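Everything on this sheet refers to the single structure shown next.
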Amino acid sequence: MAGGSTPGPVALKPPIPLLLLALVTGLIFLGPFAYVVWRNIDLGTDFSEVIWTRETWEPLRRSLWLGSTVAVSSAIIGTGLAWLTIRTDIPGRRVWRILAPLPLVIPSFVGASALIAAFATGGLVEEILSPIGITDLPDMKGFRGAWLVLTLFTFPYVYLPVAARFASLSPSLEESARLLGRSPWTVFRTVVVPQSASSIWAGSMLVFLYTISDWGAVERMGYSTLTRDIYSDSLFNPARAMGMSLVLGVVALTVVVAERSLGRRRLEVSVVRSRDPLVVPLGRWKWPAVLGASAVLGNALVGPAAVFGFWSWRGLSASNPTPGLQTDLGDLVTPALNTAETGLITAALAIAVVLPVAWLTARYRSRVGDAANSMIVAGFALPGVVIALSLVFWVLQSPILGSWYQTLPLLILAYVLHFGSQATRAAHVAVGAVPRRLGDAAATLGAGRIRRFFTIELPLMAPGLLAGAGLVMLSTMKELPATRLLSPPGFETLSTEIWSAGERLALAQESLGALVLIALSGMLTWAVVLRRIDNY
Amino acid sequence: MLGMLNINSVVDILPAMTKLLRTLSAVLALTLVASACGDDSDAGDDASSITVYSGRDQELIEPLLDAFTEATGIDVEAKYDKSANLALLIQTEGDNSPADVFISQSPGALGLLAGEDRLATLDSAITGLVDSGFAASDNTWVGITGRLRVLVYNSELVDPADLPISVLDLVDPKYDGQVAVAPGNGSFQDFVTAMRNELGEDATREWLEGMAANNSPNQPKNSAIVEAVGRGEHAMGLVNHYYNLRALEADPSVVSVNHFFPTNDVGSLVIVTGGAVLESSDAQDAGAQLLEFLLSESAQSDFVTGTQEYPLLPGVAAPEGLPSLEGYTADTINYELLGDGLRGTIELIQESGIEQ
């Protein structure tokens, strides 16, 4: 198998255009971070007062604790589920594969509300279980609730890249190990996990960064992380909010850089396409596996969807005459189209923007590439409201850019800045999937750079890139804080509709919006991403 | 090794990829063109069109804005978000803000912007439409509707005889663990500011610490408290009056009930929602016209039916089944303090330990 592995970056000089492209990309992604730094200077933040106090350390500790625990549980669930659905004969594979990425699209504030409504005292589950004597359900508030919600709704960050990896990974090593009599668990541990380690790391990193930037779940569950404090302080105590944003950004950068230097030592296995993937017979583990997969997706998708379905049905069947409390599917058509449009454009743009940087970091040793990469990834950890305000600030600095203020392109730029990291990790892995010698061989045969890219490299990278595009699309479709601040007046998405319905206590309309969001993202994920990943 | 690469699959996926890319770039190009065109039509500083930032819900405000356009011929573009977020946006936009009018859920955000000289001075004919306590004394903003602070309780868990007379009674150990609060929420903060104003710093701190010692459960916002009280998760909670009326409209079987504090109690504060015209606006007259319109009899009645809030225009009937606003001590409360004093309030709340 030695011939199939591609060595890591080599000491070749990267082409100048590529370097320039990466430099410009890095500078654009630096925007939000630069804004935070500038605001701290402008406000004259007294760091001895903001940073070196318990009021900052405690939330920071909670952010890191929540981020790490959610990353670990998501890594386990995401990897396990990817292996089960791609590599084994688990019954209903096709259905599992479509459902598994979807929990990502449930906005954390909606998911948390559904979980509370289901499990809290006097909630739906208690109503169902109390006739059989079960009334004392575990308390879902605080850390436990936030951890559960975030794990259930972010594990697809791991699942999607790892599943794409499994789908395109040669089964020959696994097959040999099995033929040599290794038990399935040993094979999983010693062959499967190391081969997909870079994807698992990439996904877990996204989960970590998302978790420390999330506001919806921690707010709803009452767990005070740094991001929750940034939101609550941003208006009346901006110096503290901006100081804490800087802390959050620096922590994210540190984690990203640390992970990257560790990642250099990881085994890279080149991906070789195979028409007939390995299917591991689960045998007597078949039904426990189904039970496990059901437990995860039951809580992350089917359960919330059922809660939303129940409320929507109640609203639709007994129409409420009170203004603002009506339930109307027709009101969701335009927001749904807007959501699909922004999701698709952002996904395509994000891939196009980060691919040069990914290419540079995967193929060459380049400081510029590393720096640009770190900026892109860290942008994910800043809260959406900070990203949005930074764009407001920079764009209004110049009259030319100012004419783009509150237009769709600027909103999409905000999404790309916020979620580009989800594509860059996937793109990095995808570039690693292209055997270097293939391009060399084609070049020897006289194929030009552009032709080589479109006929050889892009198709080989497609599964990895699409997995990244899928993540960006799903995240964009549910994004709320930046959407509300930057969208053109009158521009509605499903996410803003769901939020607005929730604010006026129109539970049925809120639930219907969530159902439409899940259905729409399911269709798009299938049509744009999953269908095009080989062997998926 | 090349043999392991299945060339067929490469060829298979290529047309699909190219098609996808082509479609996406077409969509992108169209969007850019469309939005660029949109810009041109908006250009110009004529007052035939204004932009409103509304912290109040779209379902409620949009019909009123449409009626305004019909009556005056002035087009309105609206942006909806939380009041605090919009205030933050106006701050960040500075003099380049496209907003002409800001409608806020809470006086806190208005007071903050007024303190930073972002709000224009309104004609006293407009601020004079409401009682003097319901507008800024420097005429930078005017109240539009009022909301009453109440104690919502679960009628299956609480005997009405056990209800407190004053909000200050809630620190009694007999209410231990029973009264939910939303310390991070704007209306709770406005209420605490009013308490500082009425009773002073020390009494307020004492009350907050008493509530903390009583293990008052936390919720993120009013609606979450009302839902939790309805389910029986908490026995009582401090909220604005209309959330429970709303919950009852959505589901009449809910067992949560509003308890009103006596008119002279600090617990029964009236919190106003209000509106202002921005100092940076180049359509200040049209903006003022909109505020005037929102204080017209028909718009005020629409607020009453749409939200069950109190109208601030004298002569418009209050929502059915609610105590009359007369007699409440609302008009003695200094709303400027509610804005400027908010930072101090937040610090006081954070120090008291009421936040869990």
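The values are calculated or read from the model by the stated rules, or taken from the named source; none is laboratory data. Quick caveat, the model's predicted, so the values are computed rather than measured. Here the Cβ positions follow ideal geometry from the backbone for every residue, glycine too, while neighbour counts run over all protein chains shown. Only protein heavy atoms, including side chains, enter the accessible area calculation; ligands, DNA and RNA are left aside. Shrake-Rupley method; radii C 1.70, N 1.55, O 1.52, S 1.80 Å.
Within 10 Å of each Cβ of A:464-470, how many other protein chain Cβ atoms are there on average? Before the final figure, lay out the partial values.
Working: counts 0, 1, 3, 0, 0, 2, 0.
Averaged over the peptide's residues, the number is 1.
At 1.4 Å probe size, put B:61, A:28 in order of accessible surface, largest to smallest.
Numbers: B:61 0, A:28 85 Å².
Accessible-area ranking of B:61, A:28, largest first: A:28, B:61.
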query: Tell me, what is the FRET efficiency for residue B:66 and residue A:186 to the nearest 0.05, using R0 = 51 angstrom and their Cβ-Cβ distance as r?
result: 0.15
message: Just to be sure I understand: if I project the alpha-carbon convex hull of segment A:44-110 onto a plane and average over all orientations, what area do I get in nm²?
response: 7.1 nm²
- prompt: Over segment A:208-247, with a single point scatterer placed on each C-alpha, what log10 of the ratio I(q)/I(0) does the Debye formula yield at q = 0.16, 0.25, 0.34 1/Å?
  reply: -0.35, -0.79, -1.11
- line: Ranking A:380, A:486, A:445 by how far each Cα lies towards the positive end of the charge dipole of chain A (+1 on Lys and Arg Cβ, -1 on Asp and Glu Cβ), the top one is A:445
task: Determine the share of chain A's accessible area contributed by carbon and sulfur atoms, expressed in whole percent, with a 1.4 angstrom probe.
output: 68 percent
field: Alpha-carbon spread of the protein assembly as shown, three principal axes, descending order, Å
entry: 89, 68, 55
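Could you tell me the calculated FRET efficiency between residue B:176 and residue A:38, based on Cβ-Cβ distance and R0 = 45 angstrom, to the nearest 0.05?
On the way: r = 48 Å, r/R0 = 1.07.
The calculated FRET efficiency here is 0.40.
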query: When the Kirkwood hydrodynamic radius is evaluated over all pairs of different C-alpha atoms of segment B:245-291, what value in angstrom, to one decimal, is obtained?
result: 14.9 Å
- request: Report the one residue of A:131, A:313, A:162 whose Cα lies farthest in the direction of the positive end of the charge dipole of the protein assembly as shown (charges on C-beta: Lys and Arg +1, Asp and Glu -1; origin at the Cα centre).
  value: A:162
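Might you report the magnitude of the Cβ-based charge dipole of the protein assembly as shown about its Cα centre, with Lys and Arg at +1 and Asp and Glu at -1, to the nearest 20 debye?
Values: 56 positive and 85 negative charges, 1520 e Å.
Roughly 7300 debye for the protein assembly as shown.
May I ask for the Kirkwood hydrodynamic radius of segment B:112-254, worked out over all distinct Cα pairs and given in angstroms to one decimal? Each step should come with its number before you reach the end.
Numbers: mean 1/r = 0.0588 Å⁻¹.
Final number for the Kirkwood radius of segment B:112-254 is 17.0 Å.
Which order, highest average first, do A:46-53, A:480-487, A:406-413 follow once you tally other Cβ atoms within 10 Å for each residue and take the mean per peptide? Show your work: numbers first, answer last.
Values: A:46-53: 13.4, A:480-487: 24.1, A:406-413: 21.2.
Answer by packing, highest mean first, reads A:480-487, A:406-413, A:46-53.
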- prompt: Once A and B are treated as a pair rather than alone, how much accessible area drops out, both sides summed, in Å² to 100, probe 1.4 Å?
  reply: 6100 Å²
message: For peptide A:404-411, what's the mean number of Cβ atoms from other chains within 10 Å of each residue's Cβ?
response: 5
task: For each pair in B:82/B:174; A:141/B:174; A:141/B:79, compute the distance between the two Cα atoms and list the pairs where it is over 31 Å.
output: B:82/B:174; A:141/B:79
Mean projection area, nm², convex hull over Cα of segment A:329-460: 11.1 nm²
message: Taking only complete DSSP H runs, can you tell me which helices of chain A stretch 20 Å or more along their own long axis by Cα positions and average at least 1.0 on the Kyte-Doolittle scale?
response: A:16-43, A:197-213, A:238-263, A:333-363, A:408-432, A:458-478, A:507-524
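For segment A:346-407, what Kirkwood radius comes out of the mean inverse Cα-Cα distance, in Å? All intermediate terms of the calculation are to be shown ahead of the outcome.
Values: mean 1/r = 0.0737 Å⁻¹.
Its Kirkwood hydrodynamic radius stands at 13.6 Å.
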- prompt: When the accessible area of each residue in segment A:336-384 is compared between its chain alone and the complete protein assembly (1.4 Å probe; ligands, DNA and RNA ignored), which residues differ by at least 40 Å², being lower in the assembly?
  reply: A:345
message: Bin width 5 Å, origin at 0, all Cα-Cα pairs of segment B:212-261: what percent of pairs per bin?
response: 4, 22, 32, 25, 11, 3, 2
- prompt: With every protein chain left in place, what is the accessible area per residue of the protein assembly as shown in square angstrom, probe 1.4 Å?
  reply: 38 Å²
